[in-house]
Structures are given as structure tokens and as C-alpha cells.
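Written below as C-alpha cells is the structure these notes are about.
Bear in mind that the values in this text are calculations on the coordinates, not laboratory data. Just so it is clear, the structure is predicted and the values come from calculations on it, not from any experiment. Counting neighbours? That spans all protein chains shown, and the Cβs are built from the backbone with ideal geometry, glycine included.
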Amino acid sequence: MRLDTLTNSIGEWLRGTGPESDIVMSSRVRLARNLAQFPFVSRATEQDRADTERMLRERIASVPVGRELDYIDVGHLEEIDRRFLVERQLISREHADAQGARGVAIDRLEQVSLMINEEDHLRIQCMHSGLDLHGAWDQIKVVDDQIEKVVSYAFHPRWGYLTACPTNVGTGIRVSVMLHLPALVITRQIDKVFRSLHKISLAVRGLYGEGSQAMGDFYQISNQTTLGRTEDELVQQVADVVPVLIDYERRAREFLVRETQQNVHDQVSRAYGILRTAQTISNEETMQLLSRVRMGVLLGLIGDVKISDINSLLIRTQPAHLQKLRGVDGESSDDIERARYLRQHFEGGDSSARASAN
Amino acid sequence: MWRLRWNRIDRADVCGDAMKCQQCDNPAVFHITELEAGNVREVHLCEDHARTYLNQSEGADPEGSSSAEGGSSKGSGLSTPLGVGQTADDLAVLDQRCCDMCGITFFEFRNQGRLGCPHDYIQFEAELEPLIANIHGATEHTGRRPSRQVPIAADEKFGTDGLTAIIGLRRGMKDAISREDYESAKEARDEIRAIEEAWAPPSGGATGQSGGTGEGKA
Ligand SMILES: [Zn+2]
Ligand SMILES: [Zn+2]
């Protein structure tokens, strides 16, 4: 398939719909699986990797998984296209940076993605908009069952599904939600919340994983253990904590509106103003400002902006997306292009961009 | 005693990103699990402190308790590298052990934090058990199982290990070819084929199965 068709669409998980979508951006479930007859990827020879890739690609194509899938040969993609897929959350950074035969099968809605030869031979992922962990789990179960009919997943009666890293063994399941928590950040309660999550063995990370600071107040919460509990229990473990976090964030937003109305309105308006007028702007700043505007829209402080637009801008202003959207003229820097793209998007904010009046 | 190094922080699956070095404010990028006689201790360090820590413990005198104190920058209570009752020799022996199928040594595993093949869970079961218990707080899978019935041989082979045996056979075949021992290579190849046929999926498979599938679709 051609990636260009993806450039101009947005994934289902960015629609900004679904339950609690003012706070829950997306719900995701992934399963780690390996073929019993090949070494794990890090130990596999080039030939092993090629054989694994071919076997999985062909067998997956031979069964109905509920969706029509397109296959992308990641091993032969240019770096920018691999980064594009990472930004899109269709493949992981590890998968993008890996060596040898590998690929990803995705459906048109970008809900289902099957990574071949990531850390494990197969990583199945289902991502839904808003809070819909059970929907994502129900969908991934079907995909997993169908594939299991045509391959032998490495399995041990005591240890369950066998994975390259012992942290995934057993169910191989990772259940996560991506939350937008700007008010908890502004009111400085976020660290406290995270410490309590660590205590009940849930992991927290930023939008694009990767150590350090979460960009734009987006956080992923996921289960840390995969063995000793059923998949349903692990889905429920994450599902149980989400309403609590939603409640904290809502209260923090109410507090902000009630106690600092002027201040928060000012912050949000300034953020919106910068996005519409800046001449050069970094990725980090863009995410930070979009986060504030997103909250402003949800609090009714900014009209005429749609949540799905903001969600999609969060992805489209990432470096690889921007480069693909703007084409490669290579003259101006990313930050200038990003600012130009934003101004055009919020057209009218910049008087010089009013060339095409209707 | 041995240690397992998780040195890929980007797999935040393992630890949340909020984690800081235990010795300073930098982010912890090394997550070291120390195992001794079933006891587990975790150490989270930045790159610099991890290097110091690992050098200290690696270079330490196995029996000695009062040596190597000189360094003033020595961390508080961090370095108790070798456990009582286990010598460096024991560790060396364990490190040399390797998987019959993929050939990975225990040393390679604990350095990379990634296993070599599914059989490692059987080969190194005793060593992995305390580690897995520490990570998951459990040692028994209670979730879904493959719906397709897997043949379980009468001997000690459970789950899909019979199919995983192919990994060892493939290595053996390669070795035989490089020795120009074509007889052994052919035997290994035939064995691989027999196993593959026995495990071929019921319908979409390439080979005729003994257990007929009733899907008469022409
Ligand atoms: Zn440090
Ligand atoms: Zn092995």
C-alpha cells in the first residue's frame, strides 16, 4: 500500500470520539506472540528472520481477521516513512530502528496493526478512540484466535505464551490508555498521582514513550505484569483505575475554572494565539500549546475549534508527518514549516495568509 | 549470584519513565536485578553511576569483605556484589551453560535481558523462576491457552517444545554441512520435516495430515 493515502487521512483513534474522550484519547491492547520453531528475533539469523517474516505474512493473509489488512514491508522503507509509522503509533520505535526482514499489517481504520519481527515475532495491537478497553480486547481476541489456527505460538503450560523478554511472559498482554491530563499538571498533582499508580504496579509514560518528560500532558497508563492473572483481569486492572484518574482530572479542571478563571482563560488564549501566529515553533512547544488549547476547547473557553482537529494536529506537526505533508523542498527548517502549517490550518489568524478569499 | 541488566529504558514496558537514578537526579537508564539465593534486589542507575557500580562489583574480590574500600565516591550500601555461599566460580559455571536449541549462554541472556528461544524457559527454568516471580509476583500462567490441541509426548516435553526442537536440529544440520558430514545433515533434515508435518496447521498447511480435516471444499 502507499503511505501517501495515510498522510491525508487520520487514524480512528484520533477521531476524538468515544466514551470520556475529553480525557481519554485512546485505548490500546497488544499481545506478544512468537512462533515455536524459530529463535526469538534478537537471536535469529538473517535467514531465520526472513523465514519468520514470510511464514507470518503468508499465514496471516490466509485467514480472515475481521478486517482487510494492508501489508507494509518495513525493512525496505525509507527512514522518513518508518518514522512516519512510529508517529502514527502503527509501529514502535524499536521496530523502526531494527534490522532485517520485518513488516506491519494494518487495517484502513488504523485500529489493528500486526508488527512482524519486532522484539517478538508478532505483536498484535488494537487501538480504539476514547475509553474502550473492552472493545479493543474483544477485537484483538478475534485476531489472535484466527492467527492461532494457522501457526503454532510458542507456549508452555506453566509459563504461558513464551516471549523474548520475561517481562511479557504469560498472557503477553499490554493494556494501556492514553490520557490527556493538563489540569493535573497545572495544579501540580501529577507526580502524586503517578506515585500511587506505581504502587499498584501500573506503568506511566509519555505519548511517544522514550524516557523523560511526557510531551503535551499526554500520558500512557499500562499494566506492568503479564503473568498470574487472566487477560480479563489485566484489562480490568487498567479499566478500574481510569475512572479514578478521569475524576481527578475533571475536578482539577473545575478547580481551575472556578478559582483561576481569568488566569486559565488567559493561558489558553495565549496558547491559541501563538499557534495561529508564530513564525517558527518547535515540536515540544507545539504539543504543549495544543494541549492547552485542547483543554480550553473542552472547558468552553475557545469556540470554533474541533477536538478531532487538535488531535490530528498533534500527529501532523510531528517531524516526519510534517515533512511528508509539506513535501521535500528542504529550504526552510522544520520549525518554520511547522509554524507555517499551523498558521494555514487556523487560517485567518495571520492576515498575510488570506490570499485565497472566497 | 548473578545479575540481569535491563539497559534499554526506551522499553518503558519494563519501568515507568518517572524513575530516577538512585544516586543522583539523572534518569535511570540501567535497571539491574541482583539475584542471590532466591532473593531479589533492584538497582536503578544513570549511565555514569551504573558504570561505577558494575565496575565495583565485577572487580570485587569474591571472598574478601574488607577490600577495595578506598574510593571516596562509593555509594551508600549499593555494592554488595557477591552473595554469601556463592562464589565467582559458581557464577562462571552458570554463565557458561547454554541452551541446547539456540545455543545462547546464560551470560548472554543476563547481559542482554533477552532470551534466545522458547526452549530457554525450560533449559533455564530454575534460574528464571525467581526472576519471573519478582517481575510478576506469580509463577503460573492462568490466562488463555492455544485453542488448537498441541501434541504432548509421553516424556517431559510440554507445550510446543517438541516443535521448538527444530531450532536445535537446524543448527545441527548447518554444523554437519560445514563438516561435510552429509549423512548427518540429511538425517537432521528428515527429522525437521517429520516434525513440521506433525505440527502443520490442519487446513491451510502444505502437507497431507494423518488426522483428516472434514472440510471438503474443492
Ligand atoms: Zn546517577
Ligand atoms: Zn534457546
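Given a cut-off of under 8 Å on Cα pairs at least six residues apart, what relative contact order in percent is computed for chain A? Averaging sequence separation for qualifying contacts and normalising by length gives 19 percent for chain A. Which of A:Arg338, A:Arg82, A:Arg59 ends up with the largest GNM mean-square fluctuation for chain A, with Cα atoms connected below 10 Å? Comparing A:Arg338, A:Arg82, A:Arg59 in the GNM, the peak value goes to A:Arg59.
Treating only the Cβ of Lys, Arg, Asp and Glu as charged (+1, +1, -1, -1), what charge dipole size does segment A:109-200 show about its Cα centre? Round to the nearest 20 debye.
Working: 9 positive and 10 negative charges, 109 e Å.
I would put it at about 520 debye.
Here the 3J(HN,Hα) profile of segment A:4-18, calculated from phi with Karplus coefficients 6.51, -1.76 and 1.60 at θ = phi - 60°, is 4, 5, 6, 4, 9, 10, 10, x, 4, 6, 9, 4, x, 10, x Hz, Gly and Pro shown as x.
Computed from the Cβ-Cβ distance with R0 of 41 Å, the FRET efficiency linking B:Val93 to B:Ala194 stands at 0.70.
Here each label is just a point 7 Å from Cα along the line to Cβ, and for B:Glu183 and A:Thr280 those points are 7.6 nm apart. First measure r as the distance between the Cβ atoms of A:Glu347 and A:Ser9, then evaluate 1/(1 + (r/R0)^6) with R0 = 22 Å and state the FRET efficiency to the nearest 0.05. Computed FRET efficiency for A:Glu347 and A:Ser9: 0.60. Counts of other chain beta carbons within 10 angstrom of each beta carbon in peptide B:104-115 average 3. Could you compute the net charge surrounding A:Arg108? Neighbours are other residues with a C-beta less than 12 Å from the C-beta of A:Arg108; K and R count +1, D and E count -1. Charge balance in the 12 Å sphere: -4. Note on chain A: GNM, Cα springs under 10 Å; of A:Ala154, A:Ala101, A:Ala239, the largest mean-square fluctuation is that of A:Ala154.
Spacing of the modelled spin labels on A:Glu254 and A:Asp73, each 7 Å from Cα toward Cβ, amounts to 5.7 nm. Among A:Arg108, A:Arg88, A:Arg33, the largest mean-square fluctuation in a Gaussian network model of chain A (Cα springs under 10 Å) belongs to A:Arg108. Considering only alpha-carbon pairs that sit under 8 angstrom and 6 or more positions apart, the relative contact order computed for segment A:67-225 is 14 percent. Note on A:Gln262 and A:Lys149: their simple-model spin labels are 6.7 nm apart, each label 7 Å out from Cα toward Cβ. A simple packing score, the average count of other Cβ atoms within 10 Å per residue, orders the peptides A:288-295, A:131-138, A:187-194, A:6-13 as A:288-295, A:131-138, A:6-13, A:187-194, with the highest score first.
Lys and Arg at +1, Asp and Glu at -1: add these up for the other residues within a Cβ distance under 13 Å of B:Arg193 and post the number. Could the numbers behind the result be given before it?
Details: positive: B:Arg170, B:Lys186, B:Arg189; negative: B:Glu187, B:Asp190, B:Glu191, B:Glu196, B:Glu197.
Around B:Arg193, the charge tally is -2.
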